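These notes concern the structure reproduced below.
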Amino acid sequence: MNQLSDRLNSLSPSATLAMSQKSAELKAQGVDVINLSVGEPDFNTPDHIKEAAKKAIDDNFSRYSPVPGYPALRNAIVEKLKKENGLEYTAAQISCANGAKQSVCNAILVLVNPGDEVIVPAPYWVSYPEMVKLAEGNPVIVTAGIEQDFKITPAQLEAAITPKTKALILCSPSNPTGSVYSKEELAGLAAVLAKHPQVVVIADEIYEHINYIGKHQSIAQFPEMKERTVIVNGVSKAYAMTGWRIGFIAGPEWIVKACNKLQGQYTSGPCSVSQKAAEAAYTGTQAPVEEMRKAFERRRDLIVKLAKEVPGFEVNVPEGAFYLFPKCSSFFGKSAGDRKIENSDDLAMYLLEVAHVACVGGTSFGAPECIRMSYATSDENIVEAISRIKEALSKLA
Ligand code: PMP
Ligand code: GLU
C-alpha cells in the first residue's frame, strides 16, 4: 500500500543524515569507523550556555513561548546583527525556529507557489532542492565547479533568472564546499538582482563564524538588497549547539510575519529552555566561538595538506565551514576486485566499507564528481582517516 502524497514520494531522504546513521550502525557493530560524514562541531556546548539552560529549567521556563521566540532572545539577536554585522533590524523582524533548517524551510514555504522557480547554486546543501520540491516549486540549479572555486558568477545568475524566479538561496560560507563569497563577489550578484526586484534572497549564514579569511560578509549589507533578503542563522555551528535546535530568520516584516503564521499552525515556538541557552550564547562571552574557529582552521590546514598528497584527488582550499570537497572523478571507471566505482556515491560506499571512513558522495549536493569530508573531528582522526583513504584508493585500478 502506498497512500503517501506525491509531495512526500518525490522527496529524497537526507544523504548527510543517512550516511551518518550508517556509520553509527557500523560503529555499534564494533567496526572502528571514522565519521567524516555529518557536519556538526565535535565540541561541547560552552559551560555558561549550559548553565543558562539549567537555570531556565529551575526558573520554570516550561511553557509555550511566543511563536517567533521570547522577546529577550529576539532582542539579543537584534543586538548581534547590529554589533557583528552592522545591520539594523527590529525584534519584529526576527523569527526563531527549530534550527536553521526549519528557518530555511519556513522561508521557502511562505514564498514559493507551485511552479515558481528557486535558484539554487550547486554544489548545494542537500536539503535546499528538497525543500523547494516540498513547496511544489522548481529548483533551478546553477552549477559552479571547482575551477571557479564553486562560486557562481553574476553572468550565471543573470542567465538563470526568469519571470518565474521567486528566490535565490545563497549559502556562504558554503556547505559542502567551504567557499566564501567576498564583498565584491556579493556586490556583483546584488547588481544583477537589482534588475529583478521580484527575487528574494535566502542567505544561509549558519557558518558565519567559521570563516578563515576575515570578517563575514552578508548580501544584506547592500541597502537595495536588505529589504528582500532573508538572513538565516542560528546557534548550531558557532556555539556547538546542534542538538538544541535554535535557528532564526531576520528579514522584511511581511516575510517574518508569514513565517510566524506558518509556524503557529505547524510547530509553535521552539523549545523554551533552548531559547534561554541561545540567549546566553548571543549575550555572553564570545571567546569559545573564536577558540573553536581556530581549531577548525588548524584542522582545515591539516586536511588540505594531507588530501593534496592523495593521488587522484583535486583539492580546493576551503575558506570557511568545516568541509573539504575534493574532486574525485579520476577514480570513476576503476575497480578493486568485484567493486566498480562509477560515481562518488560508489566511492563513498567503497571508502566506508574498505577504509572504514564515512564521507558523503557528492550526488546529493549536486556535484557528482566530488566527495564531502567533514573535518569537525580531532587531528588524530583526520590523519588516520586520510591515511586509510589514501591506501584504499591506491587499490583501485
Ligand atoms: N544550513 C546549512 C548550510 C547547514 O549545513 C545546516 C546544518 N544542518 C543547517 C542550515 C541547519 O542547521 P540547524 O538546523 O542545525 O540550525
Ligand atoms: N548540516 C549538517 C550536514 O550537512 C547536518 C546534517 C543535516 O542537517 O543535513 O551534515
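About the Cα centre of the range 26-160, how large is the charge dipole given +1 on each Lys and Arg Cβ and -1 on each Asp and Glu Cβ? Please answer in debye to the nearest 20.
Values: 12 positive and 17 negative charges, 96 e Å.
Roughly 460 debye for the range 26-160.
Roughly how many debye, to the nearest 20, is the charge dipole of the range 203-355 about its Cα centre, given +1 on each Lys and Arg Cβ, -1 on each Asp and Glu Cβ, and no other charges?
Working: 19 positive and 19 negative charges, 41 e Å.
Here the range 203-355 has a charge dipole of around 200 debye.
Within 10 Å of each candidate Cβ there may be at most 11 other Cβ atoms; applying that plus a DSSP loop requirement, which GluC sites (Glu not before Pro) in the range 5-111 survive? Each step should come with its number before you reach the end.
Numbers: sites: GLU25, GLU51, GLU79, GLU84, GLU88; in loops: GLU88.
When the GluC sites (Glu not before Pro) of the range 5-111 are filtered for loop state and at most 11 Cβ neighbours within 10 Å, GLU88 remain.
Give the relative contact order (percent, whole number) for the chain; include only Cα pairs under 8 Å separated by 6+ residues. Before the final figure, lay out each step's value.
Working: 774 pairs, mean separation 88.0, N = 397.
With pairs under 8 Å counted, the relative contact order is 22 percent.
Give the order of LYS215, LYS395, LYS151 when sorted by the count of other beta carbons within 10 angstrom, beginning with the fewest. Numbers along the way, then the final one.
Details: LYS215 10, LYS395 14, LYS151 18.
Placing the least packed residue first, the sequence is LYS215, LYS395, LYS151.
If I take the Cα coordinates of the chain and project them onto the principal axes, what are the three extents in Å, biggest first?
60, 53, 53
Could you work out how far the C-alpha centroid of the range 1-33 sits from that of the range 272-306, in angstrom?
Centre-to-centre (Cα) distance: 28 Å.
I'd like the FRET efficiency for LYS50 and VAL317, computed as 1/(1 + (r/R0)^6) with the beta carbon distance as r and R0 of 30 Å, rounded to 0.05. Show your work: numbers first, answer last.
Numbers: r = 35 Å, r/R0 = 1.15.
According to the calculation, E is roughly 0.30.
Could you list THR153, THR162 in order of exposure, starting from the residue whose Cβ has the fewest other Cβ atoms within 10 Å? All intermediate terms of the calculation are to be shown ahead of the outcome.
On the way: THR153 15, THR162 10.
If I rank by nearby Cβ atoms, fewest first, I get THR162, THR153.
Could you give the DSSP H helices of the chain that reach 18 angstrom or more along their long axis (alpha carbon positions) and whose average Kyte-Doolittle hydropathy is no lower than -1.0?
Working: long enough: 15-28 (19 Å, -0.03); 71-85 (20 Å, -0.79); 253-266 (19 Å, -0.54); 287-308 (32 Å, -0.67); 379-394 (23 Å, -0.15).
Span-like helices here: 15-28, 71-85, 253-266, 287-308, 379-394.
Placing +1 on the Cβ of each Lys and Arg and -1 on the Cβ of each Asp and Glu in the chain, which of ALA238, CYS259, GLY366 has its Cα farthest towards the positive end of the resulting dipole?
CYS259
Taking K and R as +1 and D and E as -1, what net charge do the other residues with C-beta under 11 Å from the C-beta of ALA15 add up to?
Working: positive: LYS22, ARG372; negative: GLU130, ASP345.
Overall, the nearby charge balance is 0.
Report the Cα centroid-to-centroid distance between the range 142-158 and the range 352-397 in angstrom, as an integer.
25 Å
Which net charge results when you count Lys and Arg as +1 and Asp and Glu as -1 among the other residues whose beta-carbon is under 13 Å from that of ARG300?
Values: positive: ARG293, LYS294, ARG298, ARG299, LYS305, LYS308; negative: GLU297, ASP301, GLU319, ASP379.
Net charge in that neighbourhood comes out at +2.
Just rank LYS22, LYS101, LYS237, LYS82, fewest to most, by other beta-carbon atoms within 10 angstrom.
On the way: LYS22 17, LYS101 20, LYS237 27, LYS82 12.
By the 10 Å Cβ count, ascending: LYS82, LYS22, LYS101, LYS237.
Placing unit charges on C-beta atoms (Lys and Arg positive, Asp and Glu negative, everything else neutral), compute the dipole magnitude of the chain about its Cα centre in debye, rounded to 20.
Values: 41 positive and 45 negative charges, 108 e Å.
In debye, rounded to 20, the chain gives about 520.
Roughly how far apart, in whole Å, are the Cα centres of the range 177-196 and the range 219-260?
Spelled out, the Cα-based centre of one part sits 18 Å from the other.
Find, among the GluC sites (Glu not before Pro) in the range 301-382, those assigned to loop by DSSP (not H, G, I, E, B) with at most 16 other beta-carbon atoms within 10 angstrom. Walk me through the numbers on the way to the answer.
Numbers: sites: GLU309, GLU314, GLU319, GLU342, GLU353, GLU369, GLU380; in loops: GLU309, GLU319, GLU342, GLU369.
Listed in order of number, the matching sites are GLU309, GLU342.
Once every DSSP H run of n ≥ 4 in the chain is given -39500 (n - 2.57) and the sum is divided by its residues, what mean residue ellipticity at 222 nm do you get, rounded to the nearest 500 deg cm²/dmol? It would help to have the intermediate numbers written out before the result.
Details: 14 runs with 159 residues, N = 397.
Computed mean residue ellipticity for the chain: -12000 deg cm²/dmol.
How many lysine pairs in the range 135-272, separated by 8 or more positions in sequence or lying on different chains, have Cα atoms less than 25 Å apart?
26
Just so you know, all these numbers are worked out from the coordinates, no wet-lab data involved. Not measured: the values here are computed from a predicted model. Quick reminder, even Gly has a Cβ in these numbers, built from the backbone with ideal geometry, and neighbours come from all protein chains shown.
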